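Undergrad: Could you have a look at this structure, given as structure tokens, before my questions?
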Amino acid sequence: MKVRATIICEQDRHILLVRKPRCRWALPGGKVEPGETVAEAAQRELQEETGLESDDMLYVMELETSGTRHHVYEASVVNLDEARPQNEIFDCIWFPLDAVHNLDTSDATLRIVRAFQRRL
């Protein structure tokens, strides 16, 4: 089973989403590298994909879907206005939480966003 660190960045009821070329919108994140914790992977992936720096990660939930275990963190970000697509990421947007279901996303992304909304 793949283990993935997934990050939620929320600002004013908007959530940061990213996408690779010709792919669906997703939450920032990626696989955990050997020798790093899931929280370290979350911080690394957020920085690599968006340029954002987190000063704290709050563990939110775990979601298991077809062969992937998502460990979801909410990031406390110090430079929110500096989100830019980097590395393999083609685009990133701040999108209204209550409208994410209108985007082309994976079922896992939609389930994570809905669970996060219930916490607010």
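Undergrad: Mind listing the phi-derived Karplus ³J(HN,Hα) values for region 12-25, rounded to whole Hz, using 6.51, -1.76 and 1.60 with θ = phi - 60°, and x for any glycine or proline?
TA: 6, 6, 10, 10, 7, 10, 10, 8, 8, x, 6, 10, 7, 5
Undergrad: Taking only DSSP H segments of four or more residues, each worth -39500 (n - 2.57), what value at 222 nm results for the chain once the sum is divided by all its residues, to the nearest 500 deg cm²/dmol? Could the numbers behind the result be given before it?
TA: Working: 2 runs with 26 residues, N = 120.
Result for the chain, helices only: -7000 deg cm²/dmol.
Undergrad: Under the rule of at least 5 residues apart or a separate chain, name every residue whose amide H is placed under 5 Å from the amide H of Arg69.
TA: Those lying under 5 Å, H to H, from Arg69 are Lys2, Val3, Arg4.
Undergrad: If we sort 49-57, 101-109 on the protection proxy, mean other Cβ atoms within 10 Å, highest first, what's the order?
TA: Values: 49-57: 18.3, 101-109: 14.6.
Those peptides, ordered most packed to least, come out 49-57, 101-109.
Undergrad: What is the ratio of the Cα radius of gyration of region 36-89 to 2.2 N^0.38 Å, where N is its residue count, to two decimals? List each step's numbers first, then the result.
TA: Details: Rg = 11.9 Å, N = 54, 2.2 N^0.38 = 10.0 Å.
For region 36-89, the normalised Cα radius of gyration is 1.18.
Undergrad: What is the Cα radius of gyration of region 2-118 over 2.2 N^0.38 Å, N being its residue count?
TA: On the way: Rg = 12.8 Å, N = 117, 2.2 N^0.38 = 13.4 Å.
Relative to the 2.2 N^0.38 Å estimate, region 2-118 comes out at 0.95.
Undergrad: For Arg69, what accessible area in Å² do you get when you roll a 1.4 Å probe over the heavy atoms of the protein chains, rounding to the nearest 10?
TA: Accessible area of Arg69: about 70 Å².
Undergrad: Now, a different point. At a Förster distance of 25 Å, what's the computed FRET efficiency of Asp55 paired with Ala99, Cβ-Cβ distance as r, to 0.05? Please list the in-between numbers first.
TA: Working: r = 28 Å, r/R0 = 1.13.
For Asp55 and Ala99, the calculated efficiency is 0.30.
Undergrad: Any idea what the relative contact order of the chain is, in percent, if you count C-alpha pairs under 8 Å spaced at least 6 apart?
TA: Numbers: 237 pairs, mean separation 38.3, N = 120.
Relative contact order, the chain: 32 percent.
Undergrad: Just to confirm my numbers, what's the Cα centroid distance between region 12-47 and region 52-120 in Å?
TA: A separation of 7 Å, based on Cα centres.
Undergrad: What order do Tyr59, Tyr73 take when sorted by accessible area (1.4 Å probe), most exposed first?
TA: On the way: Tyr59 100, Tyr73 25 Å².
Order by accessible area, largest first: Tyr59, Tyr73.
Undergrad: Tell me, in nm to one decimal, what length is gained between Asn87 and Arg111 on full extension, where the rule is 0.36 nm per residue of separation less the Cα-Cα distance? Could the numbers behind the result be given before it?
TA: Working: separation 24, 0.36 × 24 = 8.64 nm, distance 2.60 nm.
Full extension of this stretch gives 6.0 nm more.
Undergrad: What is the dipole size for the chain, taken about its Cα centre, with +1 at each Lys and Arg Cβ and -1 at each Asp and Glu Cβ, in debye to the nearest 20? Each step should come with its number before you reach the end.
TA: Details: 15 positive and 21 negative charges, 127 e Å.
The dipole of the chain has a size of about 600 debye.
Undergrad: Work through the residues other than Thr68 whose Cβ is under 9 Å from its Cβ and net out their charges, Lys, Arg +1 and Asp, Glu -1. Write down the numbers at each step before the final one.
TA: Numbers: positive: Lys2, Arg4, Arg69; negative: Glu64.
So the surrounding residues net to +2.
Undergrad: I would also like to ask the following. Towards the positive end of the charge dipole of the chain, with charges on Cβ (+1 Lys, Arg; -1 Asp, Glu), say which of Leu16, Ala83, Ala26 has the farthest Cα.
TA: In the chain, that residue is Ala26.
The values are calculated or read from the model by the stated rules, or taken from the named source; none is laboratory data. Keep in mind it's a predicted model, so treat the numbers as computed, not measured. Note that each Cβ is placed from the backbone with ideal geometry, even for glycine, and that neighbours are counted across all protein chains shown. Ligands, DNA and RNA are stripped out before the accessible areas are found, and what is left, the full protein with its side chains, is counted by its heavy atoms. Shrake-Rupley method; radii C 1.70, N 1.55, O 1.52, S 1.80 Å.
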